[in-house]
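Colleague: Take this structure first; my questions come after.
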Amino acid sequence: MEILRTVLIQDVARALMLTAAAFILTLVVGHWWVRFAQRNRIGKRIRVEGPQTHMCKMGTPTMGGIMIVSTVVALTVIFNLVDRWSMLLPLGVMVSFAILGAFDDWKSLTGSKSKTHGFTATLKFWLMVAIAFAASLILYLPNPYGLEHSGLVRIPLIGTFDIGLWFIPLATIVIVGTSNAVNLTDGLDSLAGWCLMLAFAAYGVMTFLSEPRLTNLMVFNFTMVGACAAFLWYNAYPAQVFMGDCGSLAIGAVLALVALQSQQWLLLPIVGVVFVVEALSVIIQTGYFKWTRKRFGEGRRVFKMAPLHHHFELLGWSQPQVTQRFALIAGIAAIVGVSLALTFAADFNTFQAAPPPGVPAASPAVFMP
């Protein structure tokens, strides 16, 4: 017990130190990036049809996701990768989606007169699917080809089940869907940053309290918390920098990957309820508009504007009000998600899933994926 207690204290200390290190390093990188983007006119283009209060944001530096991605990659490679090679998967997913988003951002900035504004929607979608499918396959496949998660999924209050090969397409959908949902949420100063920080904090707690204990994934989550917190320093209203696709797509994808790797992905719609509602508002608005145009000859809307945060803006809420209220909801949702995850720690004696290769069945508490 003393050895275990020492290991846990060291892991918690490492997680908290990396949280602080990520915050400080992202602040430094962010200061440089804001000045670099201003000098090189890497500024956001605002939709003319959007709320008029957003027109003042025209030209604000974008692609701020680089601040988060670069910091997390550097700290993880240095402090959380050696002998913990499973951390390569979330890093690989994050970097891949960041490159995809950055290229799309850059093309939209330099080719604003093009109808495609970078990637076509179809090409962008299938590239995201390809990356997500590869990640899902790595999660599923046995050692040495993958992380040997099989099709295990934890269902709150019920138990752990193996859904077999269904895991691969479902995991692909979860990664692509979460990435796009976060991208849609990134439309107000600080909104996506707050929701992401709270979601990663929730999964950090879940992975620490889980059985078997996922200490290195926990450390990665809290590294993300520190980086997202520092991003909020520059993204606080009125924002000095926006996340851009390179940030929202990448961080949304890695949030989904963390949920899948912890086998707590069924809790993601709860922890990320704001992302879910924002995405649903767009789906409902688009679907209803198309149906009414076909049925009645003119398109009608459910919301004043989608995503949902714009609807509340047009109802008279200020941008800080929308952000703060949505963040409060995200915080409560994170607490609910953690409380449901704790049912597995309480019922660990009934946990039937086999530990990964090389980990004795009698000592699951020290499993480090």
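Colleague: In this structure, is residue 279 closer than 16 Å to residue 191 by Cβ and touching a Pro at 6+ places or on another chain (Cβ under 9 Å)?
Modeller: Considered against the rule, which asks whether it is closer than 16 Å to residue 191 by Cβ and touching a Pro at 6+ places or on another chain (Cβ under 9 Å), residue 279 comes out as yes.
Colleague: Here is a follow-up. Here is a list of conditions, (1) surrounded by fewer than 16 Cβ atoms within 10 Å (Cβ to Cβ); (2) under 30 Å from residue 237 (Cβ atoms), and residue 182 meets all of them except one; can you say which number that is?
Modeller: Residue 182 satisfies all of (1) surrounded by fewer than 16 Cβ atoms within 10 Å (Cβ to Cβ); (2) under 30 Å from residue 237 (Cβ atoms) except (1).
Here's the yes/no breakdown for (1) in contact with a helix residue (DSSP H, G or I) (Cβ under 8 Å, 6 or more places away or on another chain); (2) at pLDDT 85 or above; (3) surrounded by fewer than 22 Cβ atoms within 10 Å (Cβ to Cβ):
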{"position": "41", "(1), (2), (3)": "no, no, yes"}
{"position": "46", "(1), (2), (3)": "yes, no, yes"}
{"position": "58", "(1), (2), (3)": "no, no, yes"}
{"position": "62", "(1), (2), (3)": "yes, yes, no"}
{"position": "69", "(1), (2), (3)": "yes, yes, no"}
{"position": "76", "(1), (2), (3)": "yes, yes, no"}
{"position": "84", "(1), (2), (3)": "yes, no, yes"}
{"position": "90", "(1), (2), (3)": "yes, yes, no"}
{"position": "98", "(1), (2), (3)": "yes, yes, no"}
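Colleague: Return yes or no: is residue 204 part of a helix (DSSP H, G or I), at pLDDT 90 or above, surrounded by 24 or more Cβ atoms within 10 Å (Cβ to Cβ) and within 11 Å of the chain's Cα centre (by Cα)?
Modeller: No, not satisfied.
Colleague: Step by step: first the residues of the stretch 1-39, then only those that are aromatic (Phe, Trp, Tyr) and farther than 16 Å from residue 105 by Cβ, then the one that is modelled with the lowest pLDDT. Which residue is that?
Modeller: By that ranking, first place goes to 32.
Colleague: I've got another one for you. Need the failing condition index for residue 264 against (1) under 18 Å from residue 332 (Cα atoms); (2) touching a Leu at 6+ places or on another chain (Cβ under 6 Å), just the number.
Modeller: All conditions are met except number (2).
Colleague: Sticking with this structure for a sec: Being in a helix (DSSP H, G or I), surrounded by 23 or more Cβ atoms within 10 Å (Cβ to Cβ) and modelled with pLDDT of 95 or more is the requirement here; does residue 280 meet it?
Modeller: Criteria not met by residue 280.
Colleague: State whether the residues of the stretch 141-155 include one that is touching a residue at least 40 places away in the same chain (Cβ under 8 Å), out of contact with any helix residue (DSSP H, G or I) (no Cβ under 7 Å at 6 or more places or on another chain) and not in a loop (DSSP other than H, G, I, E, B).
Modeller: yes
Colleague: Determine whether the stretch 314-335 contains at least one residue that is closer than 27 Å to residue 197 by Cα, touching a Pro at 6+ places or on another chain (Cβ under 8 Å) and either of a type in the set (Lys, Arg) or crowded, with 19+ Cβ neighbours inside 10 Å (or both).
Modeller: No, because not a single residue in the stretch 314-335 is closer than 27 Å to residue 197 by Cα, touching a Pro at 6+ places or on another chain (Cβ under 8 Å) and either of a type in the set (Lys, Arg) or crowded, with 19+ Cβ neighbours inside 10 Å (or both).
Colleague: Still on this structure, I have one more. One residue is enough: does the stretch 327-338 have a residue meeting the conditions of a type outside the set (Asp, Glu) and in contact with a Ser or Thr (Cβ under 8 Å, 6 or more places away or on another chain)?
Modeller: yes
Colleague: Sticking with this structure for a sec: From the list 241, 302, exactly one residue is buried (at least 24 other Cβ atoms within 10 Å of the Cβ), at pLDDT below 95, in contact with a Phe, Trp or Tyr (Cβ under 9 Å, 6 or more places away or on another chain) and not in a helix (DSSP H, G or I). Which is it?
Modeller: 241
Colleague: Please determine whether any residue of the stretch 285-294 is under 28 Å from residue 60 (Cβ atoms) and either more than 23 Å from the chain's Cα centre (by Cα) or without any contact (Cβ under 8 Å) to a residue 12 or more places away in the chain (or both).
Modeller: Looking through the stretch 285-294, at least one residue is under 28 Å from residue 60 (Cβ atoms) and either more than 23 Å from the chain's Cα centre (by Cα) or without any contact (Cβ under 8 Å) to a residue 12 or more places away in the chain (or both).
Colleague: Ok, one more. Kindly establish whether residue 274 is under 19 Å from the mean Cα position of the chain (by Cα), over 21 Å from residue 129 (Cα atoms) and assigned to a loop (DSSP other than H, G, I, E, B).
Modeller: Taking the combined requirement at face value, the residue does not satisfy it.
Colleague: Considering the stretch 154-187 alone, what residues qualify as being hydrophobic (A, V, I, L, M, F, W, C) and under 28 Å from residue 101 (Cβ atoms)?
Modeller: Within the stretch 154-187, 167, 168, 170, 171, 173, 174, 175, 176, 181, 182, 184 meet the criteria.
Colleague: Same structure again: Does residue 274 satisfy the criteria of being buried (at least 24 other Cβ atoms within 10 Å of the Cβ) and in contact with a Cys (Cβ under 8 Å, 6 or more places away or on another chain)?
Modeller: yes
This table checks each residue for (1) out of contact with any His (no Cβ under 9 Å at 6 or more places or on another chain); (2) part of a helix (DSSP H, G or I); (3) more than 16 Å from residue 87 (Cα to Cα).
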position	(1), (2), (3)
187	no, no, yes
192	yes, yes, yes
211	yes, no, yes
222	yes, yes, no
228	yes, yes, yes
232	yes, yes, yes
249	yes, yes, yes
259	yes, yes, no
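The values are calculated or read from the model by the stated rules, or taken from the named source; none is laboratory data. Everything numeric in this text was worked out from a predicted model, so none of it was measured. Glycine also receives a Cβ, built like all others from the backbone with ideal geometry; neighbour counts cover every protein chain displayed.
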